[in-house]
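The values are calculated or read from the model by the stated rules, or taken from the named source; none is laboratory data. All values derive from a computational prediction rather than experimental measurement. Virtual Cβ from ideal backbone geometry, glycine too; neighbours counted across all protein chains shown.
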């Protein structure tokens, strides 16, 4: 069952202007430690990297914040990639607690599907959240 869908498009020029105004304070405020580590391992700051992840954070917030309430923080929503390059969401802190509470209240596991793309200067992200029932394991005697 689909619980939420979110999409967002960002003009990377806007992210570039914000970055140029606030420098690394902007990054430290909105991006998690794993994302910052990835960014620091690059030879130069990638505005497209920041723009795609900003769009993904917005899309996740739209899809996940059913009541548009508190409990979600961009810094605690990280967009990482698995070994094959597929993006996935990693939650920490109060945002992870919020997700866990939502799972308990819904009686299932939240599955997040995320897609990001860019065609400079635009970055786009799309997130779908579905609910999977918790599988009960029956033990044979």
Would you say residue 58 is over 15 Å from residue 129 (Cβ atoms) and touching a strand residue (DSSP E or B) at 6+ places or on another chain (Cβ under 7 Å)? no
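Each row is one residue, and each column tells you yes or no for (1) at pLDDT 95 or above; (2) in a helix (DSSP H, G or I); (3) more than 16 Å from residue 117 (Cα to Cα).
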{"residue": "9", "(1), (2), (3)": "yes, no, no"}
{"residue": "18", "(1), (2), (3)": "yes, yes, yes"}
{"residue": "44", "(1), (2), (3)": "no, no, yes"}
{"residue": "52", "(1), (2), (3)": "yes, yes, no"}
{"residue": "68", "(1), (2), (3)": "no, no, yes"}
{"residue": "80", "(1), (2), (3)": "yes, no, no"}
{"residue": "88", "(1), (2), (3)": "yes, no, no"}
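Going by what's in this entry, would residue 59 be described as surrounded by 17 or more Cβ atoms within 10 Å (Cβ to Cβ), modelled with pLDDT of 95 or more and under 12 Å from the mean Cα position of the chain (by Cα)?
Yes; evaluated as a whole, the condition is true for this residue.
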Among the residues of segment 93-117, write down those that are more than 15 Å from residue 57 (Cα to Cα) and not in a helix (DSSP H, G or I). 107, 108, 109, 110, 111
All but one of (1) over 11 Å from the mean Cα position of the chain (by Cα); (2) over 22 Å from residue 130 (Cβ atoms) hold for residue 35, so report the exception by its number. (1)
Could you say whether any residue in segment 39-48 is surrounded by 16 or more Cβ atoms within 10 Å (Cβ to Cβ), under 12 Å from the mean Cα position of the chain (by Cα) and closer than 25 Å to residue 17 by Cβ? no
The number of residues in segment 62-109 that are surrounded by fewer than 19 Cβ atoms within 10 Å (Cβ to Cβ), touching a residue at least 24 places away in the same chain (Cβ under 8 Å), within 21 Å of residue 122 (Cβ to Cβ) and touching a strand residue (DSSP E or B) at 6+ places or on another chain (Cβ under 9 Å) is 2
